[in-house]
Amino acid sequence: MILKKALDLKKSIGDYRRDINKLVINKDNSHPDFLKISNQLDEELIVLQKMIYEIRSPQI
């Protein structure tokens, strides 16, 4: 379960990064689409960081 979620997050993060790169080339970084995707990417990265923290934290 955790591995599948991590793999899904990896794909999603990669997709968001690719989309951001395309937008930077074609539009300004203050464009609403850029900001929306950037926020979605931030959310995914936070989820990934929480997963890593939970895995590394000692279980009580």
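The values are calculated or read from the model by the stated rules, or taken from the named source; none is laboratory data. None of these values were measured; they are calculated from a predicted model. Here Cβ is always computed from backbone atoms with ideal geometry, including for glycine, and neighbour counts include all displayed protein chains. Just the protein is used for accessible areas: all its heavy atoms, side chains included, with ligands, DNA and RNA removed. Shrake-Rupley method; radii C 1.70, N 1.55, O 1.52, S 1.80 Å.
As a summary of the residue check, A6 satisfies the conditions (1) modelled with pLDDT under 90; (2) open to solvent by 100 Å² or more (accessible area, probe 1.4 Å); (3) part of a helix (DSSP H, G or I) except for the one numbered (2). Among residues of segment 17-35 that are at pLDDT 90 or above, those with a Cβ under 7 angstrom from a residue that is among the hydroxyl-bearing types (S, T, Y) and surrounded by 11 or more Cβ atoms within 10 Å (Cβ to Cβ), sequence gap 6+ or separate chain, pair up as I20/S38. Kindly establish whether I13 is surrounded by 10 or more Cβ atoms within 10 Å (Cβ to Cβ), modelled with pLDDT of 90 or more and β-branched (V, I, T). Yes: the conditions hold for I13. Within segment 35-60, the residues that satisfy the criterion of being of a type outside the set (A, V, I, L, M) and either touching an Asp or Glu at 6+ places or on another chain (Cβ under 8 Å) or open to solvent by 50 Å² or more (accessible area, probe 1.4 Å) (or both) are K36, N39, Q40, D42, E43, Q49, K50, Y53, E54, R56, P58, Q59.
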